[in-house]
Amino acid sequence: MTHPVAIHFRETDLEALAARKGQIAVPVDPSGKLSPGARRLDRLMRGGLKRAVAAEAFTKLKPGESLVLGWPAGLAAEAVVVLALPRRAAVAEARKAGAAVAKALGPDGALVLAESHPRAAELAFGLALRAYRFDYHTEEKKPFGAVDVMVANPEAVAAQAAPHAALAEGVFFTRDLVNEPANILTTDDFAARLAAMQELGLEVEILEEPDLEKLGMRALLGVGQGSESPSKVVVMQWNGGGDEAPFALVGKGVTFDTGGISIKPAAGMEEMTMDMGGAGVVAGVMRTLALRKAKANVVGLVGLVENMPDGRAQRPGDIVKSMKGDTIEVINTDAEGRLVLADVLWYAQDRFAPRAMINLATLTGAIIIALGHDNAGVFSNDDELSHDLLRAATAEGEGAWRMPLQPAYDSLIKSRLADIKNTGGRPAGSITAAAFLQKFVKPDVPWCHIDIAGVALPPTETTLAPKGATGWGVMTLDRLIRDRFEG
Ligand code: BES
Ligand code: MN
Ligand code: ZN
């Protein structure tokens, strides 16, 4: 997997500035007042930094934005990156400033002259998250050079930054999974990558088709029956919290979604390699929890299937029986995610009696129509849990927005032949999908469904991720677990 760039917090050594290669980044307060290190840098640059900071190109910058001075006189560095960053910057502003350094990071790495800046650790975290690369180009690219962050108190800042290292590993694990093509990330390969996390102290179990058959998971199995890749449910347990009931995370893991017999149009179908994004986030969170040895009991469950058209594939009109016992009329084989989740949600509650449950899924195109690519849609039966979730998302700078879930929508998924049908037509497409899932949630279990179809793989780069998978949700859920289950 892709690992975050090495970041070292060191004591400030201004003698090292002149000869440093790569980039030198320096936070400057909007007032233009320079830190001692910045003043030394300015002298080496023969006044170049002061001139830049006085110019409109700097004074018009918002906190977190930056200005690049290329090939500066008096320095060996290839660039000086001037970061507009107040001492009392918000977390998101500091991360954004760090990301600016990562964007131009090369084999010579970077030196960040953070000195006594209170957001040095957050700045470094933003840098780490943005310094991510994933591709199959055969032309070799040199790895990122190391990053040195010069600070007044290296031990204290390193201690602040320690949980960030576990988070960055989790986010990168999710991004790698989402970015992988479906011929590489088959259900077998996905399960093997999860099983490998046993090394980190996670308990990992793989339920194979005969096990799922015995459990009665016909809703999930129906989705995968047209694929050569065997369907699986993987259960990951992190027991760091004594004997309280676990918090459950459930993910949709459709390794490729052709739509099945209700096949999707060719244009854009290649993006359906990301339809395992919910499972990817669950996996990334579990990795982070294990790496930072979280003091909580959390169980992650993912339903891994491939939705393919075939002679054995499920047909529109088929009626399947879920593990819960409810019958489902499959109107559209492309509404497969909710079929997978129905059985995994039920299994999670049946086996673990969780104190709360959150599922993540790239569930509907309709959520992209509603919210675009800046917010995931949150549906919930519990105001307190959803409030805590939204607050965690805000704190981490990940967009999330509550959507309605009311009995009024249930009439849209009533079936003439079965207990429920798997689509409700075009109106309120994301809400009827959520209403479907709610049928498989026990009323006394606090639950949220997060539709991440718009945020898992947005069409452009974001502040903290290059174009491709974002890993949306790993930071939010890790924070939620910290604040709600570890406090
Ligand atoms: N995986 C898709 C949803 C999706 C769409 C994710 C675009 C990411 C980007 C899901 O399985 C699906 O096909 N949903 C259908 C449901 C419809 C048939 C009721 C949709 O959204 O069109
Ligand atoms: Mn689909
Ligand atoms: Zn899908």
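The values are calculated or read from the model by the stated rules, or taken from the named source; none is laboratory data. Because the structure is predicted, anything quoted here is derived from the model rather than measured. Cβ atoms come from the backbone with ideal geometry, glycine included; neighbour counts cover every protein chain shown. All accessible areas refer to the heavy atoms of the entire protein, side chains included, with ligands and DNA or RNA removed. Shrake-Rupley method; radii C 1.70, N 1.55, O 1.52, S 1.80 Å.
Computed values, structure above
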| quantity | calculated |
| --- | --- |
| Test: residue in the stretch 249-256 that is of a type in the set (S, T, N, Q) and either away from ligand 3 (no atom under 16 Å from the Cβ) or under 27 Å from the mean Cα position of the chain (by Cα) (or both) | yes |
| Elements of type helices (runs of 4 or more DSSP H) in the stretch 103-213, at least 2 residues being open to solvent by 40 Å² or more (accessible area, probe 1.4 Å) | 154-179, 187-195 |
| Residue tally, condition within 20 Å of Gly325 (Cα to Cα) and either open to solvent by 10 Å² or more (accessible area, probe 1.4 Å) or part of a loop (DSSP other than H, G, I, E, B) (or both), over the stretch 418-437 | 5 |
| Helices (runs of 4 or more DSSP H) wholly inside the stretch 269-385 containing at least 1 residues that are more than 16 Å from ligand 1 (Cβ to nearest atom) and touching a Lys or Arg at 6+ places or on another chain (Cβ under 6 Å) | 337-352 |
| Among (1) touching a strand residue (DSSP E or B) at 6+ places or on another chain (Cβ under 9 Å); (2) more than 24 Å from Gln349 (Cβ to Cβ) - the single one Lys439 does not satisfy | (2) |
| The stretch 330-357, subset away from ligand 3 (no atom under 14 Å from the Cβ) and in contact with a Ser or Thr (Cβ under 9 Å, 6 or more places away or on another chain), residue nearest to Gly317 (Cα to Cα) | Ile331 |
| Selection within the stretch 248-268 - among the β-branched types (Val, Ile, Thr) and more than 11 Å from ligand 1 (Cβ to nearest atom) | Val250, Thr255, Ile261 |
| All positions within the stretch 391-408 that are surrounded by 19 or more Cβ atoms within 10 Å (Cβ to Cβ) and assigned to a helix (DSSP H, G or I) | Ala392, Ala393, Glu396 |
| Flag for Phe440 being assigned to a loop (DSSP other than H, G, I, E, B) and not small (Gly, Ala, Ser) | yes |
| Count - residues of the stretch 9-36 that are under 20 Å from Pro63 (Cβ atoms) and surrounded by fewer than 21 Cβ atoms within 10 Å (Cβ to Cβ) | 7 |
| Filter result for Gly300 (surrounded by fewer than 24 Cβ atoms within 10 Å (Cβ to Cβ) and either in contact with a helix residue (DSSP H, G or I) (Cβ under 6 Å, 6 or more places away or on another chain) or under 24 Å from Ala433 (Cα atoms) (or both)) | no |
| From the options Glu228, Glu306, residue that is out of contact with any Pro (no Cβ under 7 Å at 6 or more places or on another chain) and within 16 Å of ligand 2 (Cβ to nearest atom) | Glu306 |
| Identity of the residue in the stretch 439-459, of a type outside the set (Val, Ile, Thr) and under 20 Å from Asp176 (Cβ atoms), that ends up surrounded by the fewest Cβ atoms within 10 Å (Cβ to Cβ) | Pro459 |
| Unique match (being crowded, with 17+ Cβ neighbours inside 10 Å, in contact (Cβ under 8 Å) with a residue 24 or more places away in the chain and farther than 29 Å from Ala356 by Cβ) among Gly226, Gly280, Gly251 | Gly226 |
| Selection from the stretch 313-352 of residues that are more than 16 Å from ligand 2 (Cβ to nearest atom), open to solvent by 20 Å² or more (accessible area, probe 1.4 Å) and farther than 19 Å from Arg426 by Cα | Ile319, Lys321, Met323, Lys324, Gly325, Asp326, Thr327, Trp346, Asp350, Arg351, Phe352 |
